[in-house]
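What follows is one structure encoded as structure tokens, with my remarks underneath.
The values are calculated or read from the model by the stated rules, or taken from the named source; none is laboratory data. No experiment lies behind these values; they were computed from the predicted model shown. Here the Cβ positions follow ideal geometry from the backbone for every residue, glycine too, while neighbour counts run over all protein chains shown. Remember, those area values only see protein heavy atoms, side chains included, never the ligands or the DNA or RNA. Shrake-Rupley method; radii C 1.70, N 1.55, O 1.52, S 1.80 Å.
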Amino acid sequence: MQPPGLRRLFTTFSYLVAKQGATAVLGLAYWAVATHLFSARDVGLAAAASSTAFFLGAIGALGIPLLLVAELDSIPAALRRVTFSTGMYISCLAVLILSLGTLALSPFLGGSLRIICADSTTAALFVIGSVATMGTLTFDNAAIGLHRGSAQLWRGSLNAVLKLAIVGVLVLAGTRTASGLLFAWAVTLVVSFVCIPMLRLEPTPAGEGNLSHRVALARRYGVLSLQHHVLNLSINSVFYIVGLIAALLILPRQLAYFSTAFLVESTAMVIPYLLALSLFAEISGDQSLLHRHVRRTLPLGLALCGGIVVVAEVAAPFLLRIFGPGYVMNGTTALRLLVLVGPAYVIKDHYVAIRRAQGRLGHAAKVMAAGTCAEAAGAALGGIYWGVTGLCSGWAVAASAEAVVVLPAVIRVFRGDAPAVSDPVGSPR
């Protein structure tokens, strides 16, 4: 019989996988419809908008989503609603400011963003979608922190179903434009907030939701939140940065081919990442579980990732066939290169989860920041000189080199000979 802590770890993981599986199937169906019935240019513009929104969300999150994963369950039940809403307001405001700044700078940010921001309708949808992306990210992480995996599952599934339905209606109405795809993306994100009651947050006591109390909450958790933010930017922002680099360097038609390959790779490789995220959620308050859980999650993550790589290398043309023959011809090589990033990220995700459990956020942030810069530089240089193929290859090489650097720290915990110590810079308490 499994220990209670391990059972809860895999329960959290199971909900995350179920949510990802449901949204992945519906998401792939959405992109299959879009790539067959919309021009590659319009698909590329929609991909540029969503990629940029994810990047702005990574910057504007300020560590709040991960703070909710780590702390929300330990906060008194009566204060959880005000803590959640305060975090969401702050992060969404930050992304609103960033998205408006993007509109102002769009003439200098590449062809795709320049086209999107030049039209008032698509520009407004871009801003709405960016803010809603941040809000849903905060919601999903709060659900993980509260062990309400069903709430995340329903929100993600609702969003995916509605987006597919709206695109179908647009096609029937004869509206096959980039603005239609952006409308489906932005509106469904907003509507999915109807799932907030599923978090089962108690009503806020009188007086606890006023401005002064919210300011006090921001001050109390501000430093810890920013420490999480720096570390999260150091590792997860690479995916958003790569998408943004592609949007800046690649023309809309080629961007559509890259984005579909990137979508398939991200959908497949998110499973090992969710395992590491579940690890963090379960050991963030109990370092004694660290060695025991890592011995299970690291081999499982590497095995899952290895299987995905083998399947993708062989079946890449067949996987992309659902998007159309043009995507098979122009996206197969990109997909085969992109999946090579996966094993490196299993190691990196475990390294970050371990350092968070040990309270060594400051140390891990420095290591990951250097690695992120190397990955972004590798992708950008490859993209400048060799296009899509160079971008994918440069990223894969840089990520693998970074994984080699952090692997010894992961192995020490796996073997059980690494003490769980906290440094004063990164201590979460």
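When you go through G101, G129 one by one, which is the residue that is over 21 Å from H228 (Cα atoms), without any contact (Cβ under 8 Å) to a residue 12 or more places away in the chain and open to solvent by less than 50 Å² (accessible area, probe 1.4 Å)?
Among G101, G129, only G101 is over 21 Å from H228 (Cα atoms), without any contact (Cβ under 8 Å) to a residue 12 or more places away in the chain and open to solvent by less than 50 Å² (accessible area, probe 1.4 Å).
Only one of (1) open to solvent by 20 Å² or more (accessible area, probe 1.4 Å); (2) modelled with pLDDT under 85; (3) more than 18 Å from the chain's Cα centre (by Cα) fails for S112. Which number is that?
All conditions are met except number (1).
I'd like the full set of residues that are under 18 Å from V167 (Cβ atoms), outside any helix (DSSP H, G or I) and open to solvent by less than 20 Å² (accessible area, probe 1.4 Å), limited to segment 27-74.
Kept after step one, since they are under 18 Å from V167 (Cβ atoms), are these residues of segment 27-74: 27-50, 53.
Filter again for outside any helix (DSSP H, G or I), leaving 38-39.
Passing the criteria: only F38.
State which residue pairs qualify: first residue in a loop (DSSP other than H, G, I, E, B) and inside segment 188-200, second residue of a type in the set (V, I, T) in any location, beta carbons under 7 Å apart, and separation of 6 or more residues or different chains.
none
Taking the condition of being over 16 Å from W31 (Cα atoms) and either under 24 Å from the mean Cα position of the chain (by Cα) or buried (at least 23 other Cβ atoms within 10 Å of the Cβ) (or both), how many residues in segment 159-188 meet it?
The number of residues fulfilling the criteria is 1.
Identify all residues within segment 334-357 that are more than 26 Å from G387 (Cβ to Cβ), of a type in the set (A, V, I, L, M) and open to solvent by 10 Å² or more (accessible area, probe 1.4 Å); write none if there are none.
Of everything in segment 334-357, just one residue is more than 26 Å from G387 (Cβ to Cβ), of a type in the set (A, V, I, L, M) and open to solvent by 10 Å² or more (accessible area, probe 1.4 Å), namely I347.
Suppose we filter segment 75-98 for residues that are surrounded by fewer than 18 Cβ atoms within 10 Å (Cβ to Cβ) and among the aromatic types (F, W, Y); how many remain?
Summing the residues that are surrounded by fewer than 18 Cβ atoms within 10 Å (Cβ to Cβ) and among the aromatic types (F, W, Y) in segment 75-98 gives 1.
Among the residues that make up segment 374-383, is at least one of them of a type in the set (D, E, K, R) and either at pLDDT below 85 or over 17 Å from G342 (Cβ atoms) (or both)?
No.
Restricting the search to segment 115-162, which residues are over 11 Å from T188 (Cα atoms) and either among the basic types (K, R) or in contact with a strand residue (DSSP E or B) (Cβ under 8 Å, 6 or more places away or on another chain) (or both)?
R148
Count, please, the residues in segment 292-308 that happen to be open to solvent by less than 60 Å² (accessible area, probe 1.4 Å) and either closer than 17 Å to L340 by Cα or of a type in the set (V, I, T) (or both).
7
If you take the residues in segment 163-182 that are without any contact (Cβ under 8 Å) to a residue 12 or more places away in the chain and part of a loop (DSSP other than H, G, I, E, B), which one is nearest to A58 (Cα to Cα)?
Within segment 163-182, the first condition is being without any contact (Cβ under 8 Å) to a residue 12 or more places away in the chain, and the residues that meet it are 165, 169, 172-175.
Remaining after also requiring part of a loop (DSSP other than H, G, I, E, B): 173-175.
Details: A173: 35, G174: 35, T175: 32 Å.
Among those that are without any contact (Cβ under 8 Å) to a residue 12 or more places away in the chain and part of a loop (DSSP other than H, G, I, E, B), it is T175.
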